[in-house]
Amino acid sequence: MKSAKFDHQRAASLDDALKALGNADGEARIMGGGQSLGPMMNLRLAQPDLLIDISRVGGLDGIEVSGDVIRVGARVTHARVEDGEVPGVTGAYMQTVASGISYRSVRNRGTIGGSVAHADPSADWPSALLALGGDVVIAGQDGERRMPLDDFQVGPFATGLGFEEILTGFELPALSDSAKCGYYKVNRKPGEFADAIGAVVIGVSPRVVCGATEAAPFRVSVAEEKLAAGATEISVADARDMIAVHEPGFDDYDLQIHAVALSRAVGRAFA
Ligand SMILES: Cc1cc2nc3c(=O)[nH]c(=O)nc-3n(C[C@H](O)[C@H](O)[C@H](O)COP(=O)(O)OP(=O)(O)OC[C@H]3O[C@@H](n4cnc5c(N)ncnc54)[C@H](O)[C@@H]3O)c2cc1C
């Protein structure tokens with residue numbers, strides 16, 4: 001199947017892209033790497049009238065450290081993260097995540113901003129970045145604003161991004177050398193979308209995320225408290241109880257794979 005007819009506009013600047021979004025008569029979509037939008041358009045699950053291509057917009061593909069913050073532009077590809085361009089402990093954690101996303105040709109084009117804006121519950125970055133914490137940087141008609149990753153994704157394919165806004169990047173914590181990180185993805189074949197995700201980052205305080213549910217990824221507060229109290233492992237049985245508090249509707253299979261992912265992510269953090 002091929003996509004429905006659409007117009008394509010290559011924005012020369014962020015202002016240009018914002019103006020095009022504001023002036024759009026009908027549905028307009030920002031195009032990042034096109035790795036989710038393209039297939040959705042071909043399946044006619046998305047039928048935008050206008051695609052606003054931000055590939056030539058400057059300032060969206062930088063990676064820079066400023067004090068204890070790492071700024072990562074929305075257009076940074078999974079491949080660049082996989083290749084180690086994000087420095088330090090934060091970068092090493094993100095490298096592990098990026099290398100498990102699909103195969104290299106998808107990683108060459110797919111962007112971190114596109115993935116978080118798309119907010120597919122089974123995707124890697126929404127869970128992995130929630131475990132890191134930090135802010136999403138958003139540009140709109142009224143200027144720039146920041147939103148904590150904790151609040152950004154509100155449901156499956158639903159975020160705090162307005163229709164006339166563009167995700168421009170992330171401000172992530174530059175973790176110290178003593179920080180511990182673990183990521184575990186349950187999937188049937190390497191590189192596939194996840195059936196379950198466990199993500200653990202122990203920086204200033206522990207952040208533990210359960211992802212690839214049918215909703216937005218969520219923090220598992222009881223697990224965080226246990227790690228903050230000095231635990232260095234969480235058994236699958238304990239993880240089941242902790243996750244069940246947040247997801248009472250999980251069936252036995254879902255509970256088990258999410259508990260295994262969480263328990264193994266903790267194991268990797270302390271390996
Ligand atoms: C075969 C295949 C396998 C895959 N496997 C995985 C996997 O295992 N794990 C995983 O996490 N992902 C996987 N993906 C998805 C891939 O990671 C995509 O790159 C990613 O989800 C979307 O990024 P993108 O830059 O391509 O965004 P696009 O497809 O261009 O856009 C996706 C959505 O986000 C919006 N958008 C994009 N950029 C912005 C922005 N800057 N501001 C506002 N809105 C924006 C678009 O309007 C669109 O609605 C896979 C994709 C394919 C094709």
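Every number in this text was worked out from the coordinates using simple rules, so none of it is lab data. Because the structure is predicted, anything quoted here is derived from the model rather than measured. Cβ coordinates were reconstructed from backbone atoms using ideal geometry, including for glycine residues, and neighbour counts include every protein chain displayed.
Take the alpha carbon atoms of the chain, find their radius of gyration, then divide it by 2.2 N^0.38 Å using N residues; give the quotient. Let's see the in-between values first.
Working: Rg = 18.5 Å, N = 271, 2.2 N^0.38 = 18.5 Å.
Computed over Cα atoms of the chain, the ratio equals 1.00.
If you count the DSSP beta bridges with both ends in the chain, what percent of them are antiparallel, to the nearest 5?
Working: 38 of 46 bridges.
Percentage antiparallel, nearest 5: 85.
Step through the residues of segment 76-89 one at a time and calculate ³J(HN,Hα) from phi using the Karplus curve (6.51 cos²θ - 1.76 cosθ + 1.60, θ = phi - 60°), rounding each to whole Hz and writing x for Gly and Pro.
For segment 76-89, the Karplus curve yields 5, 7, 4, 4, 5, 5, 4, 7, x, 6, 7, x, x, 5 Hz.
If the elastic network links every pair of Cα atoms under 10 Å, which of Ala119, Ala199, Ala237 fluctuates the most in the Gaussian network model of the chain?
Ala237
Which of Phe163, Phe170 has the fewest other C-beta atoms within 10 Å, and how do the rest follow up to the most? Display every interim value, and only then the final one.
Values: Phe163 11, Phe170 25.
Listed from fewest to most nearby Cβ atoms, that is Phe163, Phe170.
Pull up the cross-link candidates among the aspartates and glutamates for Lys2, meaning alpha carbon to alpha carbon under 15 Å and not fewer than 8 places away within one chain.
Filter leaves Asp49.
Taking the chain as the reference, fit the longest principal axis to its C-alpha atoms, fit the long axis of helix 14-23 to the helix C-alpha atoms, and give the angle between the two in degrees, 0 to 90, nearest 10.
70
What number comes out for the charge environment of Arg56, summing +1 per Lys or Arg and -1 per Asp or Glu over other residues with Cβ under 14 Å away? Don't skip to the answer; put the middle values down first.
On the way: positive: Arg10, Arg75; negative: Asp15, Asp16, Asp53, Asp61.
That sum, taken over residues with Cβ under 14 Å, equals -2.
What whole-number distance in Å separates the alpha-carbon centres of segment 38-108 and segment 184-214?
18
Run the Debye formula on the Cα coordinates of segment 7-51, all scatterers equal and no solvent, and tell me log10 I(q)/I(0) at q = 0.19, 0.26, 0.34 1/Å.
-0.58, -0.96, -1.25
Below 24 Å, Cα to Cα, which lysines can Lys226 reach? Residues fewer than 8 away in the same chain don't count.
Lys180, Lys185
Please list, in chain and number order, the residues 5+ apart from Val69 or on another chain whose amide H is under 5 Å from its amide H, with Hs placed from the backbone.
Close amide H contacts, sequence-distant or interchain: Ala174.
Given springs between every Cα pair under 10 Å in a Gaussian network model of the chain, which of Ala231, Ala92, Ala11 has the largest fluctuation?
Judging by the Gaussian network model, the answer is Ala231.
Please list, or write none, the lysines whose alpha carbon is within less than 26 Å of the alpha carbon of Lys5, excluding same-chain residues fewer than 8 places away.
Those lysines meeting the cut-off are Lys19.
Using only Cα atoms, tell me the angle between helix 252-269 and the longest principal axis of the chain; keep it within 0 to 90° and round to the nearest 10.
80
Going toward the positive end of the dipole of the chain, with +1 on Lys and Arg Cβ and -1 on Asp and Glu Cβ, which of Gln141, Gly267, Thr232 do you reach last?
Projecting each Cα onto the dipole axis, the largest value belongs to Gly267.
Neighbour counts of other C-beta atoms within 10 Å: give me Lys19, Lys2 arranged from fewest to most.
Result, fewest neighbours first: Lys2, Lys19.
Would you look at the GNM of the chain, springs on alpha carbons closer than 10 Å, and say which of Asp135, Asp251, Asp120 moves the most?
Asp251
Scan segment 113-191 for trypsin sites (Lys or Arg not before Pro) in coil per DSSP, keeping those whose Cβ has at most 11 other Cβ atoms within 10 Å, and list them by number. Intermediate values should be presented prior to the final figure.
Values: sites: Arg145, Arg146, Lys180, Lys185, Arg188; in loops: Arg188.
Of the trypsin sites (Lys or Arg not before Pro), the ones in loops of segment 113-191 whose Cβ has at most 11 other Cβ atoms within 10 Å are Arg188.
Please quote Rg/Rh for segment 186-271 to two decimal places, taking the Kirkwood radius as Rh and restricting both calculations to Cα atoms.
A ratio of 0.94.
Quick one: order His78, His118, His8 by neighbouring beta-carbon count within 10 Å, fewest to most.
Least to most surrounded, the residues fall as His8, His118, His78.
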